[in-house]
Amino acid sequence: MKLYYTGPNVNVTTTADDVIDARMRAAIVPIADLILGYFRADSFAALVGLTGLNPPYPPVAPGQRAFGRYRITHFQTETDVRAALVGMGNPFGGPAHWPHYMVRSMISCRSVFYGYDGQAFLCLRTEDAPQISPDPELIWVEERTELLTTSDYLDGAAAATD
């Protein structure tokens with residue numbers, strides 16, 4: 001497995017706040033589209049979105065199932081997955097607009113989760129092509145595979161799809 005950091009290319013120590021916000025907003029959709037391309041190999045029906053269920057537990061909607069403290073949403077189309085990725089990557093929307101905390105494949109290790117500032121962590125198979133930024137001025141991509149063994153970023157979610 002490989003892990004890539006993908007985020008807006010901003011220098012927060014030397015850039016004005018309004019410029020940072022503008023660059024982050026400009027990167028939301030291109031980052032989602034970059035990640036979407038890696039999920040195509042697994043087919044969109046094999047992808048699930050995970051949402052934590054915190055009390056009070058909301059009702060499960062059609063196309064969703066609950067497992068313990070997680071809600072699983074099965075995607076059917078590329079449009080559904082893209083909308084989830086755009087929502088997850090929008091740090092300006094707030095928790096009410098973040099549909100899932102992770103999108104995972106049920107047939108490979110491909111998965112993605114986002115941080116609070118619009119940065120994505122994309123897990124790929126070892127044999128997948130490396131992630132490359134289509135616009136390095138806007139999107140910063142960096143391989144961070146060492147985080148798979150030095151962090152708990154991807155721990156715990158696998159049990160939700162068993």
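Scan segment 107-134 for residues that are loosely packed, with under 14 Cβ neighbours inside 10 Å and either at pLDDT 90 or above or within 13 Å of D42 (Cβ to Cβ) (or both) and the total you get is 7. Tallying residues that are assigned to a loop (DSSP other than H, G, I, E, B) and surrounded by 14 or more Cβ atoms within 10 Å (Cβ to Cβ) within segment 6-38 yields 2. Being in a helix (DSSP H, G or I), out of contact with any helix residue (DSSP H, G or I) (no Cβ under 6 Å at 6 or more places or on another chain), at pLDDT 90 or above and surrounded by 18 or more Cβ atoms within 10 Å (Cβ to Cβ) is a property that A83 lacks.
Taken over segment 115-142, the criterion of being of a type in the set (V, I, T) and in a loop (DSSP other than H, G, I, E, B) is satisfied by T126, I132. Taken over segment 19-38, the criterion of being closer than 12 Å to T6 by Cα and of a type in the set (D, E, K, R) is satisfied by D33 alone.
The values are calculated or read from the model by the stated rules, or taken from the named source; none is laboratory data. Everything numeric in this text was worked out from a predicted model, so none of it was measured. Methodologically, a virtual Cβ is constructed for each residue, glycine included, from the backbone with ideal geometry; neighbour enumeration extends over all protein chains shown.
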